Amino acid sequence: MLSQLLCFSASPALSVSKNYLLLLKPLSLARATVCHLSTTTTTTTMSVNLQSHAFAGNPIRSKTPKPSDPFSPNSALETLKTQLLETTHQINSPNFKVLPFRKGRPLASNSSASDALGPNWRLGWIGLVDCKLFLAKCGIDLSYDSLVYLGSESAAEAVYWAVNVAEEANLVPEIGAEKFCFVELRTLMVATDWDDQHAMGELAIAGHARALLEWHVTSRYCGNCGGKTVPMEAGRRKQCVNDLCKKRVYPRIDPVVIMLVIDKENDRVLLSHQSRFVPRLWSCLAGFIEPGESLEEAVRRETWEETSIEVGEVVYHSSQPWPVGPSSMPCQLMVGFFAYAKSLEINVDKDELEDAKWHSREDVKKALMVAEYKKAQQTAAAKVTQMCKGVEKGQSLSADFNVESGELAPMFFPGPFAIAHHLISSWAFQDSVNGFQSQPKHAGASMSNL
Ligand SMILES: [Zn+2]
């Protein structure tokens, strides 16, 4: 099952020397029991406190407006239909902002405002009128059912939409002097400054939009009768047009368990290396949940299948939406756990993994401390800037994810955009932060022995 996952197949290689400690603030009560960390440990360690995982914490969809609200999906759709018939923007109507995508890539621009802080990016939101003009240049009429509702911001009286521009649309919108380009979401993910809440919010919006648009592409026909499906509720669901069927179809989510297997007695963790990984990248085990299986059962089964390690106690850590997998799986949900080993002898399933080994806390800490995650982020951000200026035309995943230079570290882990990073770093630093013991209090964990 793991071979189907793309989640860590192309994580960035990182150069070494500076020290970063990347911590995730507890997101929920459940996770607070296992991730009670804060601030720095040493004078040479930089602490970066994320508010939430990459792709979580979407600022425009925390609450869906009530149907009577002018910014609700159905009200906004009615206004949209009216506006598309107009030739000019209505002054008193909500401010509609559209994010175009091509082949799963959102429109983006380099952000000049943050020059002093290094390169950054922002999403290429365009107005409805500009969007109509842009699509008209490509020979496409913008219709209301091609726009997908993303959310709203009532304070700004803004409603946000996404639209797929067809592959034949090779044009890139030119709005004033600003330069835009379509950028791989994975590139934006690596390029996002995780200390910048606005950028993290933009990434979450782009991830949600990509997941919805990809799902619209792959759900054009009813799985029940084969009839056509049409968007409903401003693209938030679909429905079969066959009157005898009328099946409702909802956006697809593919849940995946991802677990850090811990040998408590010997203070080690089990990490794996896949043949598709860049050299020296090690990460957590992961796998899809099967029908009729609980999350805990999936953790135990996947660990057993891939390494022959038996897992006992399973403790929830946190979860992360992952909309950067294959288009056939528009949004995976990574559900992260600490899994406590009952047996220690590893027998690797070579069909799934190239290798799996126990790693000491000391080695894991060292690897986390020497990796230059910030440098990798800034390199990716500089690349987005170059792309938007038209300097860099080609995009390839291998180029995006190989920013390694300088000394070679014996091993490194996925960057802070991935839940694996936070599972590993929470465990590695949980014993010594601020001089107090923050060992997980497992005794009362509700899921431990289900
Ligand atoms: Zn049907």
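Observations on the structure shown:
- Scope segment 260-272; condition in a loop (DSSP other than H, G, I, E, B) and either on the phi > 0 side of the Ramachandran plot or surrounded by 16 or more Cβ atoms within 10 Å (Cβ to Cβ) (or both); matching residues: Asp267
- Among the residues examined, Glu296 does not qualify as at pLDDT 95 or above and over 28 Å from Ala211 (Cα atoms).
- Filtering segment 329-351 to residues that are of a type in the set (Gly, Ala, Ser) and under 23 Å from Pro414 (Cα atoms) leaves Gly336, Ala339, Ala341.
- Of the residues making up segment 273-283, those that are touching a strand residue (DSSP E or B) at 6+ places or on another chain (Cβ under 7 Å) and part of a loop (DSSP other than H, G, I, E, B) are Val278, Arg280, Trp282.
- Taken over segment 187-228, residues that are more than 24 Å from Ser146 (Cα to Cα) and touching a Leu at 6+ places or on another chain (Cβ under 7 Å) amount to 4.
- Residue satisfying all of: in segment 254-281; closer than 15 Å to Ala356 by Cα and among the polar types (S, T, N, Q); modelled with the highest pLDDT among these: Ser272
- Each residue in segment 188-199 was checked for being closer than 26 Å to Ala158 by Cβ and either part of a helix (DSSP H, G or I) or within 16 Å of the ligand (Cβ to nearest atom) (or both), and 6 pass.
- Positions within segment 326-350 being out of contact with any Asp or Glu (no Cβ under 8 Å at 6 or more places or on another chain) and at pLDDT below 90, in sequence order: Pro326, Ser328
- Matching residues, segment 284-305, being in contact with a strand residue (DSSP E or B) (Cβ under 6 Å, 6 or more places away or on another chain) and under 19 Å from Glu345 (Cβ atoms): Leu285, Val299, Arg300, Glu302, Thr303
- Residues in segment 284-294 that are over 26 Å from Gln430 (Cβ atoms) and part of a loop (DSSP other than H, G, I, E, B): Ile289, Glu290, Pro291, Gly292, Glu293.
- If the condition is being part of a strand (DSSP E or B) and either over 20 Å from the mean Cα position of the chain (by Cα) or surrounded by fewer than 23 Cβ atoms within 10 Å (Cβ to Cβ) (or both), then segment 300-318 contributes Val311, Gly312, Glu313, Val314, Val315, Tyr316.
- Checked against (1) touching a residue at least 24 places away in the same chain (Cβ under 8 Å); (2) part of a helix (DSSP H, G or I), Glu297 passes all but a single condition, namely (1).
- When segment 200-228 is filtered for residues that are within 16 Å of the ligand (Cβ to nearest atom) and among the hydrophobic types (A, V, I, L, M, F, W, C), the ones remaining, listed by number, are Cys222, Cys225.
- Of all residues making up segment 229-246, the number that are in a strand (DSSP E or B), of a type in the set (D, E, K, R) and either surrounded by fewer than 13 Cβ atoms within 10 Å (Cβ to Cβ) or away from the ligand (no atom under 13 Å from the Cβ) (or both): 1
- Filter result for the condition that a residue is surrounded by 18 or more Cβ atoms within 10 Å (Cβ to Cβ) and part of a helix (DSSP H, G or I), over Ala339, Ala367: Ala367
- Answer residue from segment 247-259, given it is among the β-branched types (Val, Ile, Thr) and assigned to a strand (DSSP E or B) and is nearest to the ligand (Cβ to nearest atom) among those: Val249
The values are calculated or read from the model by the stated rules, or taken from the named source; none is laboratory data. Model, not experiment: these values are computed from the prediction. Neighbour counts run over all protein chains shown; Cβ positions are idealised from the backbone, glycine included.
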